[in-house]
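Report on the following structure.
The values are calculated or read from the model by the stated rules, or taken from the named source; none is laboratory data. Values in this document were obtained by computation on a predicted structure and should not be read as measured data. When we count neighbours, we look across all protein chains shown, and the Cβ atoms used for this are built from the backbone with ideal geometry, even at glycine. These area figures cover heavy atoms from the full protein model, side chains too; ligands, DNA and RNA do not enter into them. Shrake-Rupley method; radii C 1.70, N 1.55, O 1.52, S 1.80 Å.
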Amino acid sequence: MNTSEAKKASNRKLGESVCKALEARGFSAQYAESAEAACERALEMIEEGATVGIPGTVTVREIGLMERLEEKGCKISEHWLPDMSPAERTAALLGELQADWFVTSANALSMDGTIVNIDGAGNRVASTIFGHEEVYFIVGVNKLAPDYDAALWRARNVASPKNARRLGKKTPCAVRGDKCYDCKSPERICRALAVLW
């Protein structure tokens with residue numbers, strides 16, 4: 001077995017283990033071998049013409065799901081479009097909340113099936129908890145953590161600083177890029193935490 005095959009086998013074993021843990025907690029879970037396979041599974045599940053809310057998730061954008069959903073006739077609500085006015089952004093956030101489907105990722109996922117998300121506006125964490133016909137998480141193996149404490153640590157000290165830096169925020173975590181400083185900055189992007197058991 002070459003290195004690439006060994007990594008795929010290891011990822012598959014991790015993914016299948018986490019899927020079992022998620023199912024034990026009442027979630028429906030599937031492992032996908034690749035980003036393309038995850039995209040295809042989401043397309044199979046989301047009905048043609050459905051309204052789909054997609055918050056500020058890089059993962060969903062990277063796998064090309066948004067474009068494929070639009071090709072399928074789905075109406076996408078997203079607040080990440082460039083040059084949106086505050087009124088347009090508010091309308092888009094409300095559209096995300098009111099969509100039939102909500103597709104997002106997680107900042108971290110523990111091996112025992114705990115999903116951890118930190119959010120700035122609260123739209124993403126609120127939508128993962130209540131209100132949609134279906135919520136779909138697309139989570140890469142890079143977001144796996146051994147347990148809840150490690151998942152919370154990853155969300156605060158890896159995902160949040162990266163997101164703050166990517167968004168051009170002037171927070172200590174974005175400037176230093178090394179950890180959460182539990183700052184009181186008006187540009188803080190971690191204002192709400194959702195833990196799904």
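Structural remarks
- Considering all different alpha carbon pairs of the range 1-89, the Kirkwood hydrodynamic radius works out to 15.3 Å.
- Accessible-area order (highest first, 1.4 angstrom probe) of the listed residues L144, L193, L22: L193, L144, L22
- Applying a threshold of 19 Å to the alpha-carbon distances of K8/K179; K8/K143; K143/K179; K20/K162 flags K8/K179; K20/K162 as lying beyond it.
- Available extension along the chain between V58 and E44 is 3.0 nm, counting 0.36 nm per residue and deducting the alpha carbon span.
- Summary of the geometry: the range 157-197 and the range 56-101, compared by the centres of their Cα atoms, lie 22 Å apart.
- Solvent-accessible area per residue, Å², over the range 1-107 with all protein chains present [probe radius 1.4 Å]: 57 Å²
- Rolled with a 1.4 Å probe across the full set of protein chains, the surface gives E67 an accessible area near 100 Å².
- Accessible-area rank, largest first, for F137, F130, F102: F130, F137, F102, with all protein chains present and a 1.4 angstrom probe.
- Note: relative contact order over the range 10-164, using C-alpha pairs below 8 Å and six or more positions apart, is 23 percent.
- In Å², nearest 10: area of K72 left accessible to a 1.4 Å probe: 50 Å²
- Label-to-label distance for L14 and K170 is 3.8 nm, based on points extended 7 Å past Cα in the beta-carbon direction.
- The Kirkwood radius of the chain, taken over pairs of alpha-carbon atoms, gives through the Stokes-Einstein law at 25 °C and 0.890 mPa s a diffusion coefficient of 140 µm² s⁻¹.
- Set the Cα radius of gyration of the range 50-119 against 2.2 N^0.38 Å, with N its number of residues, and you get 1.18.
- Summary of packing: across the peptides 103-112, 80-89, 29-38, the per-residue average of other C-beta atoms within 10 Å ranks them, highest first, as 103-112, 29-38, 80-89.
- Fraction of accessible area attributable to carbon and sulfur, the chain (%, probe 1.4 Å): 52 percent
- Length added when fully stretched, K162-A192, from 0.36 nm per residue minus Cα-Cα: 9.1 nm
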